[in-house]
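Undergrad: Input: one structure, supplied below.
The values are calculated or read from the model by the stated rules, or taken from the named source; none is laboratory data. Quick caveat: nothing in here was measured; it's all calculated off a predicted structure. Cβ placement follows ideal geometry from the backbone for every residue including glycine, while neighbour counts extend to all protein chains displayed. We work out accessible area using only protein heavy atoms, side chains counted, and drop any ligands, DNA or RNA first. Shrake-Rupley method; radii C 1.70, N 1.55, O 1.52, S 1.80 Å.
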Amino acid sequence: MEKLFGTDGIRGIANQFPLTPEFVVHIGSAIGAVLGREGKHPLALIGRDTRLSGAMIENALAAGLMAQGFDTLHVGIITTPGIAYLTRTFGARCGISISASHNPFDYNGIKVFAGDGFKIPDEAENGIEKIAYARRDDESHNAIGSIGQRRDDQSPITNYLNFLLDAVQHQPILRGKRMVIDCNNGATFELAQRVFRELGADIVQLNVQPDGVNINHGYDSLEPKLVRDTVLRERADFGVQFDGDGDRAVFVDERGNYVDGDFVLAILARDLKTRGALNNHAVVSTVMANIGLEKSLNAVDVKMERTAVGDRWVSERMRAMDAVIGGEQSGHILFFDGGHTTGDGMYTAIRVADVIVRSGKSLAELASCMTRYPQVLVNVRVPRKPPIEQFSSIQEQIEKSRGVLGDSARILLRYSGTENLARVMIEGPDAVVIEREANAIAAVIQETIT
């Protein structure tokens, strides 16, 4: 039985298993069976990004949920964090975002949030998987009188936008500021301009004409060149890039420097600590975080906790240690001090803008608190994902590379949680050497895992 849930929900190529309309009906039915055991006609709140396959998957999910007695509320195109927020505030039993985040248009996915706005726990995911597979061979349904009803209503999106603006008391903090916004033809294509114009910004917009196919076209998670070129040409104060479902934000400062999630964590942690709002003087990030972030935080007596890659693991560690901020280098930043439960690109951009305005410093000046160590990431496409530790040839190459790099470098191997990729990351003081050794390890992986 193929596992359905990865590190960020169910994801795959649309119209291929498990995201065929026939099986998605079973997924929806399984979600209803696992999450709807109490109460009559519980509510499922559903939204999606701009992918061509979104409506097909949405309708199939709704059919399965309604067959289990759920009422479904469809809010249209909205960010994933918008679904998480509305799920909690509308008292829904669950919220579902149909999106594949930063992946190309042919991918899609199903992200499920519990009533508290956090992603459902592992045991719920396991139960959904088990029931979805079982129902492929079971055509029985509930009695006709228990079928749920569907309602389409985009007005709840206004509640979500007001929540974002509440972070700065709806004040026009960006009046007189020019900013570049790249929405990558995704879920923020209309919402971002509404938010940042309300905050007074002079906006230069990029990629805001989705056609179902162009979502994330040209997207670069860490170095958005189009944003950089536009910031410099337009002499903007800063630029921000959102991914397809709007849960990530990476920035470009007024000088054209890339400001990824590591820099954002360094900037915001300092601001929180200065205001006495950094619980336990701690920030949570992942094993992919640049060592420069750790050194930057240590310099101001802030400790950094590392987790496995994935916002789920960051969120769990934050909740366990009562931390208020955490995130990933990719720009997925989590704040637990303002009523949010998941990473939100627009919320992150507002919080960064607020620090810029209150400090009187430019983004480049704020980002100078951290020095990025050279880091290289090589992706290797693999047909399967066996434990890397079982291959002696790969381990031998890793040890050989460690001997070349010495103690000042860091090597990390892992599989992507959403694609058939092995990722080789090396961090160290010499960019040329780490790139050479990363490619050497990648070559052995390519030869070995077939």
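Undergrad: Name the residues in region 173-227 that are small (G, A, S) and either assigned to a loop (DSSP other than H, G, I, E, B) or open to solvent by 60 Å² or more (accessible area, probe 1.4 Å) (or both), would you? So that I can check it myself, show each step before the final result.
TA: Taking region 173-227 first, the residues small (G, A, S) are 176, 186-187, 192, 200-201, 212, 218, 221.
Scanning region 173-227 gives G176, G186, A187, G200, A201, G212, G218, S221.
Undergrad: All but one of (1) more than 18 Å from R151 (Cα to Cα); (2) hydrophobic (A, V, I, L, M, F, W, C); (3) open to solvent by less than 20 Å² (accessible area, probe 1.4 Å); (4) not in a helix (DSSP H, G or I) hold for I27; which doesn't?
TA: Among (1) more than 18 Å from R151 (Cα to Cα); (2) hydrophobic (A, V, I, L, M, F, W, C); (3) open to solvent by less than 20 Å² (accessible area, probe 1.4 Å); (4) not in a helix (DSSP H, G or I), I27 violates only (4).
Undergrad: Sticking with this one: Quick one: in region 420-450, which of the residues that are open to solvent by less than 30 Å² (accessible area, probe 1.4 Å) and outside any helix (DSSP H, G or I) is farthest from N108 (Cα to Cα)?
TA: Here the residue is G428.
Undergrad: Could you please find all residues in region 326-339 being under 14 Å from the mean Cα position of the chain (by Cα) and open to solvent by 10 Å² or more (accessible area, probe 1.4 Å)?
TA: E328, Q329, S330, listed by residue number.
Undergrad: So, in region 252-285, exactly how many residues are aromatic (F, W, Y) and in contact with an Asp or Glu (Cβ under 8 Å, 6 or more places away or on another chain)?
TA: Selection size over region 252-285: 1.
Undergrad: Just give me the residues in region 228-255 being touching a Leu at 6+ places or on another chain (Cβ under 7 Å) and either charged (D, E, K, R) or surrounded by fewer than 16 Cβ atoms within 10 Å (Cβ to Cβ) (or both), in sequence order. Steps first, answer last, please.
TA: Going through region 228-255, the residues touching a Leu at 6+ places or on another chain (Cβ under 7 Å) turn out to be 230, 238, 250-251, 253-254.
Residues satisfying the conditions are D253, E254.
Undergrad: If you don't mind, another one. With the requirement that a residue be of a type outside the set (D, E) and part of a helix (DSSP H, G or I), what does region 155-172 give you? Show your work before the answer.
TA: Taking region 155-172 as the starting set, the residues that turn out to be of a type outside the set (D, E) are 155-165, 167-172.
P156, I157, T158, N159, Y160, L161, N162, F163, L164, L165, listed by residue number.
Undergrad: In region 304-325, how many residues are more than 17 Å from I291 (Cβ to Cβ), in contact with a helix residue (DSSP H, G or I) (Cβ under 7 Å, 6 or more places away or on another chain) and surrounded by 20 or more Cβ atoms within 10 Å (Cβ to Cβ)? Working first, answer last.
TA: Within region 304-325, the subset more than 17 Å from I291 (Cβ to Cβ) is 308, 310-325.
Next, only the ones that are in contact with a helix residue (DSSP H, G or I) (Cβ under 7 Å, 6 or more places away or on another chain) stay: 321-325.
Then drop every residue that is not surrounded by 20 or more Cβ atoms within 10 Å (Cβ to Cβ), which leaves 323-325.
Residues in region 304-325 being more than 17 Å from I291 (Cβ to Cβ), in contact with a helix residue (DSSP H, G or I) (Cβ under 7 Å, 6 or more places away or on another chain) and surrounded by 20 or more Cβ atoms within 10 Å (Cβ to Cβ): 3 in total.
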